[in-house]
Structure formats: structure tokens, C-alpha cells
1. What relative contact order, as a whole-number percentage, does segment 26-232 give when Cα pairs under 8 Å and 6 or more residues apart are counted?
2. By count of other Cβ within 10 Å, fewest leading, how are Phe180, Phe160, Phe54 ordered?
3. To test your reading of the geometry: what angle, between 0 and 90 degrees and rounded to tens, separates the Cα axis of helix 250-262 from the longest principal axis of the chain?
4. With the chain treated as a Gaussian network of Cα nodes joined by springs under 10 Å, which of Glu55, Glu226, Glu272 yields the largest mean-square fluctuation?
5. What's the ranking of 239-248, 328-337 by average number of surrounding C-beta atoms within 10 Å, highest first?
6. Measure nothing but the geometry: give the 0 to 90° angle between the long axis through the Cα atoms of 88-98 and the longest principal axis through the Cα atoms of the chain, rounded to 10°.
7. Placing unit charges on C-beta atoms (Lys and Arg positive, Asp and Glu negative, everything else neutral), compute the dipole magnitude of the chain about its Cα centre in debye, rounded to 20.
8. At a 10 angstrom cut-off on C-beta neighbours, averaged per residue, how do the peptides 229-235, 254-260, 201-207 rank from highest to lowest?
Amino acid sequence: MHLLQRLRATRSGRRSSRRPPFEPAVSVVINTLDRRDHLERTLVSLRDQTYANFEVVVVNGPSADGTDAMLDTFGSSVRRGSCAEARLGLSRNIGAALAAGEILAYIDDDAIPEPDWLERLVACYADETVDGAGGPVFDVPLDRVLWKLCTCDRLGNPAFDASGPWQQYVAVGADPFLYFAGCNMSFRREALRSVGGFNQAIQYGYDDVEVCCRLVDAGHRIVYAEKALVHHDRAASAIRDGHHTIKDPYAMLLSRAMFVLQNAHPAGTPEELAQHVMSWADEWVAEADRQLADGRLLPSDHTRFVQRAHDAATAGIGHGDRPWTELPEHPPAPLLPYR
């Protein structure tokens with residue numbers, strides 16, 4: 001064989017031995033409710049992602065602000081679903097069921113990702129043992145990264161800047177355990193399916209904590225991607241006002257109670273846990289008193305706030321078992337590349 005032929009054969013062999021680029025299909029899932037303008041900004045920002053092999057799935061709750069009409073302007077570039085209730089756990093599962101990606105990445109409707117957000121998350125999954133990845137969150141109102149290394153203990157007490165390394169929080173039964181903020185979290189479809197999806201009884205809050213707890217306790221490996229950053233506006237909602245003050249504690253207290261009472265943990269007997277739940281209601285009553293004292297609540301609103309706290313505690317203690325959602329084993333449709 002001539003020298004030129006040998007060189008060509010060697011180069012051909014090298015090319016054939018190269019691994020193909022790691023570009024798994026990703027579904028970016030956005031759950032929205034009455035945030036048309038914020039959602040539009042998020043959708044536009046996703047066009048700047050450096051990672052290309054992804055689709056966008058938007059699940060619209062019972063919005064009354066023209067969100068559907070705005071989504072019409074994106075045509076067929078967005079896969080759309082609907083959730084008839086204002087129930088975040090249910091909406092997240094609807095998005096998962098519609099998604100075509102191997103990896104599901106969740107971002108909020110009032111958040112803007114850095115251009116390399118997906119690229120950073122996807123890189124974690126090159127390790128086949130990784131089933132979940134999430135990163136930090138820059139809080140726009142406070143002008144700083146608020147959610148860094150997030151952990152939560154078995155009584156639902158979160159920490160947003162835990163001391164490292166993060167690896168100490170991911171063993172089965174870890175207390176506290178690693179979790180991802182809901183506006184910056186991702187999971188393999190099969191891992192999410194294996195734990196029954198998100199808790200669809202959760203209206204708001206602790207949906208992210210609860211699913212990460214179940215993944216950790218089931219032996220799935222989740223990792224912290226410290227450079228996968230999103231910016232979060234914390235827009236006003238039915239829960240908080242434009243000044244980021246909680247105006248209705250019901251959903252957050254109920255969700256915390258369900259998380260603690262429904263998941264396996266060594267935190268105490270059912271009776272002791274019920275006492276914890278009632279003490280949390282007292283903490284919310286104290287918060288209502290503070291808001292009344294400094295003029296953030298009217299007397300009539302204070303009365304309702306206190307009643308809602310007690311109602312949530314009672315409902316949480318009396319709530320049934322954690323529901324299981326049977327997510328589809330296979331994607332229902334091919335990936336719809338985002339343009």
C-alpha cells in the first residue's frame with residue numbers, strides 16, 4: 001500500500017472511531033397561569049439557547065389574560081397543553097406526558113435562562129448514572145443569586161445556600177437532601193416516571209422538593225449544575241403580591257404538610273407530625289400579625305389569612321396518600337424542534 005493510501009486509511013479509521021456528539025432530545029416544560037407577558041418574554045429568550053435539540057411544551061392553566069391568544073402567535077413551534085385547575089403538580093405532569101424529550105427541563109413562566117442553560121444541564125447527562133440536574137437561580141428583585149445549593153430537611157425546612165459539597169445530600173434517606181428550585185430543574189423521563197411523576201395534589205410549593213426527595217430515596221442520582229443559571233422575576237400571583245409578600249398561606253402550608261406526612265422519613269410519629277403542622281399554622285398567624293401591624297394587611301384580610309392558615313393545616317393532616325401518576329412509557333409524538 002502506498003504511503004498516501006495508508007494515511008487515508010488511518011484518517012478514515014480515526015473518523016469512524018469518534019463518538020457521535022452527545023445531543024439527547026430535551027423538552028423544556030413551562031407551566032403558566034395568567035402571566036402572558038412574562039411567558040412571552042421567556043419563550044423569546046429560549047431562542048437564544050446554544051443547545052439546539054430541544055422542544056418547548058407550554059401547559060396553560062385556567063388563564064384569563066389572553067395567554068392562549070399570545071401562544072397562537074408562536075404557531076406550531078410550541079407544543080401546547082392545558083390544565084383546567086390552578087394546580088401546579090398536575091400541570092407539571094401534563095407537561096411531562098406531552099413531552100417528546102428523553103430529558104425534561106422545567107423553567108418558570110417568569111424566568112429567563114442564560115443562553116448556555118440547556119447546554120450546561122445536558123452535559124450532566126453524559127454520565128449515564130445521572131437522572132436529574134438543576135442549577136442556581138438569580139433573584140431579579142433582590143439583584144443576587146438567592147437559590148444556590150438548595151436543600152430541605154424531612155420537616156420541610158428549606159435552605160437556599162447550604163454548605164458544600166452537594167454530594168453529601170444525595171444518599172438514600174439523606175436529611176437534609178438536595179433539591180432543585182422549580183424554575184431550574186431537569187430529569188430523565190424514565191426516572192420521573194419511576195417515582196410516579198410530581199405530586200398532582202400539590203397546588204403550589206414543595207412540588208420541586210417532593211419529587212427530588214422521592215428520586216433521592218429511590219436511589220436515583222441527581223447532581224447540582226452550578227453554572228446552569230436562570231434569572232427569576234418572582235412575578236405577582238394568587239399567592240404573593242407585587243411586593244413579593246405572601247397574601248394567602250393556604251397552598252404553601254398544605255403542600256408542606258402533604259410533603260411531610262406522605263413521604264417516608266424518620267421525622268416522627270403521625271401524631272408528632274400533626275403537631276408540627278399545627279405549629280406551622282401558628283407561624284403563619286404570627287406572619288399575619290406582623291403584616292397587620294405594619295399596614296400590609298387590612299383587618300378583614302388578616303381575619304381571612306388566619307382562617308386560611310388553620311384550614312390548610314386541617315386539610316394537610318386529613319389528606320390521603322400521595323397520588324401516583326402513570327406517565328407514558330414512550331413519547332406520544334416526535335420532538336418538535338423549537339424555532
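Each value in this text was obtained by applying a stated rule to the coordinates, not by laboratory testing. None of the values given here were measured: they were computed from a predicted structure. For neighbour counting, all protein chains shown are included, and Cβ atoms are generated from backbone atoms with ideal geometry for every residue, glycine included.
1. Working: 472 pairs, mean separation 53.6, N = 207.
Relative contact order of segment 26-232: 26 percent.
2. Working: Phe180 28, Phe160 16, Phe54 23.
By the 10 Å Cβ count, ascending: Phe160, Phe54, Phe180.
3. 70
4. So, out of Glu55, Glu226, Glu272, the one fluctuating most is Glu272.
5. Details: 239-248: 14.0, 328-337: 11.9.
Packing proxy ranking, top to bottom: 239-248, 328-337.
6. On a 0 to 90 degree scale, this one is about 20.
7. Working: 35 positive and 46 negative charges, 375 e Å.
I would put it at about 1800 debye.
8. On the way: 229-235: 19.1, 254-260: 25.6, 201-207: 23.4.
Going from most to least packed, we get 254-260, 201-207, 229-235.
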